[in-house]
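Note sheet for the following structure.
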Amino acid sequence: MSDDPADIYITRDAFDQGELHGRLVCAIYVNDPGFVEVTVHPEDGGRFSEQPVPSATEPSGGLSSEDAVDVALGELPDEEEWEVISATAGPFGGLQLTEDNYPWAAGIPSDLWVWNVFLVRGDQGLDIVVDFLDGTVYGTVEYIVN
């Protein structure tokens, strides 16, 4: 099944239980969603071994959360009603979005502060990533919400 398409989830926090050390990895297979595989990604290898810690210092003069939400709402793909769940400010690196999965994330510094506006409509979820200072929209991440 390792060649089958799957939704992959990897924990940000390290897992430490007995001889198992690393990050939990969960694969939910698209063609057989009843089959879920959970394993441990080793702590001593891969892109999750040494993550840089982005700056926690919020820049002054940034957009308010209300302004960030207004920018995000202006980016919606259609006119149907979306519910704003949250608007969270922080360094882009904290979002764990890589250019492998989101080409628009290429070249965005991990310490650049952004707003992450999360919206829901039915079973659809949408993150819209907005520059903290000038309101530039960098990209979106779409979800299926349970």
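The values are calculated or read from the model by the stated rules, or taken from the named source; none is laboratory data. As the structure is a prediction and not an experimental result, all values here were calculated from the model. For neighbour counting, all protein chains shown are included, and Cβ atoms are generated from backbone atoms with ideal geometry for every residue, glycine included.
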Which residues, counting only those in region 106-144, are of a type in the set (A, V, I, L, M), out of contact with any helix residue (DSSP H, G or I) (no Cβ under 6 Å at 6 or more places or on another chain) and not in a strand (DSSP E or B)? 106, 133
Output the residue which, of all residues in region 2-29 that are modelled with pLDDT under 70 and of a type in the set (Asp, Glu), is nearest to residue 100 (Cα to Cα). 3
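Residue-by-condition table, conditions (1) charged (D, E, K, R); (2) touching a residue at least 60 places away in the same chain (Cβ under 8 Å); (3) crowded, with 17+ Cβ neighbours inside 10 Å:
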residue	(1), (2), (3)
106	no, no, no
109	no, no, no
116	no, no, yes
123	yes, no, no
126	no, no, yes
133	no, yes, no
137	no, yes, yes
143	no, no, no
State yes or no: is residue 101 under 13 Å from the mean Cα position of the chain (by Cα) and exposed (fewer than 11 other Cβ atoms within 10 Å of the Cβ)? yes
Test set (1) more than 12 Å from residue 139 (Cβ to Cβ); (2) modelled with pLDDT of 90 or more; (3) exposed (fewer than 14 other Cβ atoms within 10 Å of the Cβ) - residue 80 fails condition number: (2)
Do you know which residues across region 110-146 are among the acidic types (Asp, Glu) and within 18 Å of residue 71 (Cα to Cα)? 127, 131, 134, 142
Quick check, is residue 88 at negative phi and either surrounded by 18 or more Cβ atoms within 10 Å (Cβ to Cβ) or at pLDDT 90 or above (or both)? yes
